[in-house]
Amino acid sequence: MAPTYEIEQLLLSQPSVRTVAGVDEVGRGAWAGPVSVCAVVTDLSEPPPGLTDSKQLTAARREPLAAELAAWAAGIGYGEATHTEIDTLGMTEALRRAARRALEALPARPDVVILDGKHDYIGAPWPVRLEVKGDAASVSVAAASVLAKVRRDAYMGTIGCEEYGFADNAGYPSPVHQEALARLGPTPHHRLSWSYLDDLPQWRHLKLHRDPLACEGQVTLFG
């Protein structure tokens, strides 16, 4: 089933709500690169045909669809948190920062945010409506999922490290990526606090550990 405006219309029926943004992220499970968030506001017009959750679309379809969405949407905001922020702050805080950057990049502040998933990583002061599988149900969230995916994939294709196949795997643990990582070690784009390093004895000494007793974000390098 194609996404609809049912959730947006329900929220907009409240007197205090005039603008609704759909938000989705990409890159949470990657081993390298940033986590990226997109926020989309629409005018409730008919979206480009074929819009759905980005995971259901091939790259060949996502890219032209993203171009159509960019011309169609009433407002688009992007935000990223770098691999360094992920290592230093943890994924939840990195997602929060990326999402807030995306929302603050919109032309106008939305009254309510529809967030894909079951965990509110944005937090106050943003009013958030959580929607499991929102990228399949909501037009604005589906649009955000496609735009975030295409933007992050394009960035990962520009950072080099051809042996790791980032242009194809976008930093996720594909066989090519894992083989290169075991042989060559992490690149400057890798998340060094992640558990994949535990399985790489040759490179395990590079792992960063956040100290739970220290101030937020402090990391140490354990040999």
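The values are calculated or read from the model by the stated rules, or taken from the named source; none is laboratory data. Just so it is clear, the model here is predicted, and its values are computed rather than measured. Every residue, glycine among them, receives a Cβ derived from its backbone with ideal geometry; neighbour counts consider all protein chains shown. Protein only, heavy atoms only, side chains kept; ligands, DNA and RNA dropped before computing areas. Shrake-Rupley method; radii C 1.70, N 1.55, O 1.52, S 1.80 Å.
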For the stretch 5-158, the Cα-Cα pair-distance distribution in 5 Å bins from 0, as whole percents, is 2, 10, 21, 24, 21, 13, 6, 2, 0, 0
For the stretch 1-84, would you read off the P(r) tail past 15 Å as a percentage of all alpha carbon pairs? 66
Cut-off under 5 Å, modelled amide H: who pairs with ARG129 long-range: VAL113, ILE114, LEU115
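Might you report the magnitude of the Cβ-based charge dipole of the chain about its Cα centre, with Lys and Arg at +1 and Asp and Glu at -1, to the nearest 20 debye?
Working: 21 positive and 28 negative charges, 53 e Å.
The dipole magnitude comes to about 260 debye.
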For the stretch 193-200, just list the computed ³J(HN,Hα) in residue order, Karplus coefficients 6.51, -1.76 and 1.60, θ = phi - 60°, integers in Hz, with x standing in for Gly and Pro. 9, 8, 6, 4, 5, 5, 9, 10
Solvent exposure of the stretch 5-158 as accessible area per residue, Å², 1.4 Å probe: 43
Note down the Stokes-Einstein diffusion coefficient of the stretch 68-166 in µm²/s, whole number, using a Kirkwood radius over alpha carbon pairs, 4 °C, and 1.567 mPa s. 88
Can you list residues whose amide H is under 5 Å from TRP31's amide H, if they're 5+ apart or on another chain and H is modeled 1.01 Å from N? TYR172
Excluding residues fewer than 8 places away in the same chain, name every one of the aspartates and glutamates whose C-alpha is closer than 14 Å to that of LYS118. ASP24, GLU25, GLU131, ASP135
quick shape note, the stretch 32-73: Cα extents on principal axes in Å, largest first -> 36, 21, 15
Hey, what's the stretch 162-206 come to in accessible area per residue, 1.4 Å probe, Å²? 54
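How would you rank 115-123, 22-30, highest first, on the average number of other Cβ atoms within 10 Å across their residues? Before the final figure, lay out the partial values.
Details: 115-123: 17.3, 22-30: 24.3.
Packing proxy ranking, top to bottom: 22-30, 115-123.
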Mean shadow area (nm²) of the C-alpha convex hull around the stretch 162-206 is 2.9
Total formal charge among the other residues, if their Cβ is under 11 angstrom from that of THR82, Lys/Arg +1 and Asp/Glu -1: -1
